[in-house]
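Asks: Have a look at this one before I ask anything.
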Amino acid sequence: MSSTDQRWFHRRGALTQGDWESVVDASTPDWQHTGIRIADLAEGDTVALDERGVERIVVPLAGEFRVTHRHHPGEWETRLHGRASVFAGPTDVLYLPTGTTAEITGTGRVAVAEAPTAEARPWQYIPAEATPVELRGAGASSRQVHNFGTPQALDAARLIVCEVITPAENWSSYPPHKHDEHVPGHESRLEEIYYFEAAPVADAAAPGDAAFGMFSTYSSPAGEIDINAMVRSGDIALVPFGYHGPAVAAPGYDLYYLNVMAGPDPEREWLISDDPAHAWVRDTWNGQKMDPRLPLGHDTEGQH
């Protein structure tokens with residue numbers, strides 16, 4: 001890997017801080033607008049959220065949790081029922097406004113998406129059944145998106161969060177696109193974090209740690225970046241600028257990623273520009289059917 005790759009792509013465990021397996025926050029070099037925390041909790045374990053100057057979304061990846069959270073005007077305890085894995089369909093999530101301190105207890109794996117802000121919004125519990133599920137693309141570009149933290153679904157100050165499931169052999173984050181210029185009505189400036197998980201397709205005999213996908217990011221006029229990586233569960237890619245995509249699920253393995261976005265523009269919106277060299281690919285989806293394996297995790301007995 002080049003030095004640029006090492007700056008923006010991190011293997012599982014490379015960003016460990018205290019009780020957290022991975023942390024991206026204001027201490028991360030050249031990173032300003034977004035953050036993420038990942039933790040594995042055994043029975044009786046607790047992780048604390050002490051920084052008050054950020055808004056957050058708590059996302060169960062696998063397992064269930066209780067969150068004790070304190071913010072104006074009091075203290076609450078919210079149960080997150082969670083799910084068996086990220087491939088088991090949407091989960092319930094909890095939005096915590098800036099000014100909050102909290103503790104998370106439970107058994108399983110949890111993510112916390114973050115964005116610095118001074119603007120307070122009401123806290124919100126979003127049940128799994130209220131999560132907008134979008135089937136995007138067509139054919140081999142079919143993927144499933146859970147839009148629980150997008151502007152249309154959540155009243156947040158800065159955060160834009162969603163998760164994407166790409167079935168084995170399919171492509172997502174495609175065509176490659178960018179959001180690193182402020183062009184009102186056309187493109188917004190957003191830092192983006194990709195947190196990845198991969199797993200063998202249902203009933204496969206392969207060990208889970210063999211599962212992988214591929215991810216690419218390359219330069220735009222806003223800056224030079226070069227990520228071409230085999231991604232496995234727990235890996236994190238940071239996209240400060242540049243064209244990003246595709247994210248490709250290898251044959252035999254489904255791919256998941258959690259996207260965390262925020263930026264300096266006054267509007268909270270996700271507006272992208274496709275790489276002009278590849279934008280034409282969208283037209284090829286006309287007339288193609290959605291992958292029949294989707295949606296994953298919805299009345300699909302035996303699916304992970």
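Derivation of every value follows stated rules applied to the coordinates shown; laboratory data play no part. Since we're looking at a predicted model, the values are computed, not measured. Cβ coordinates were reconstructed from backbone atoms using ideal geometry, including for glycine residues, and neighbour counts include every protein chain displayed.
Asks: Tell me, what HN-Hα J-couplings in whole Hz come from the Karplus equation 6.51 cos²θ - 1.76 cosθ + 1.60 at θ = phi - 60° for each residue of region 29-44, using x for Gly and Pro?
Replies: Working through the residues one at a time gives x, 6, 10, 10, 10, 9, x, 8, 10, 10, 9, 9, 10, 8, 4, x Hz.
Asks: Could you give the nm distance between label points at Ala120 and Glu77, where each point is 7 Å from its Cα heading toward the beta carbon?
Replies: So the two model labels end up 2.4 nm from each other.
Asks: Tell me the label-point distance for the pair Asp19, Val281, using the 7 Å Cα-to-Cβ offset, in nm and rounded to one decimal.
Replies: Here the modelled spin labels are 4.2 nm apart.
Asks: Tell me the relative contact order for the chain as a rounded percent, counting alpha carbon contacts under 8 Å between residues six or more apart.
Replies: 20
Asks: Considering only Ala138, Pro122, Leu15, whose Cα is most displaced toward the positive end of the charge dipole of the chain, charges sitting on Cβ of Lys, Arg (+1) and Asp, Glu (-1)?
Replies: Comparing the listed Cα positions along the dipole, Ala138 ranks first.
Asks: For Thr101 and Ser27 in the same chain, what is the full-extension length gain: residue separation times 0.36 nm, less their Cα-Cα distance, in nm?
Replies: 24.8 nm
Asks: Excluding Pro176 itself, calculate the net charge of residues whose Cβ lies under 9 Å from the Cβ of Pro176, where each Lys or Arg counts +1 and each Asp or Glu counts -1.
Replies: On the way: positive: Lys178; negative: Asp274, Asp275.
Summing Lys/Arg as +1 and Asp/Glu as -1 gives -1.
Asks: Among (1) 22.2, 82; (2) 18.3, 53; (3) 21.0, 68, which one is Rg and Dmax of the Cα atoms in Å computed from these coordinates?
Replies: Given (1) 22.2, 82; (2) 18.3, 53; (3) 21.0, 68, the calculated one carries the label (2).
Asks: Still on this structure, please answer the following. So what J values fall out for region 227-239 if you push phi through Karplus, 6.51 cos²θ - 1.76 cosθ + 1.60 with θ = phi - 60°, rounded to Hz, Gly and Pro as x?
Replies: Karplus-based 3J(HN,Hα) across region 227-239 equals 10, 9, 10, 7, 10, 10, 4, x, 6, 9, 10, 10, 10 Hz.
Asks: Report the FRET efficiency, 1/(1 + (r/R0)^6), for Arg66 and Ala210, where r is their Cβ-Cβ distance and R0 is 45 Å, rounded to 0.05.
Replies: Values: r = 33 Å, r/R0 = 0.74.
My answer for the efficiency is 0.85.
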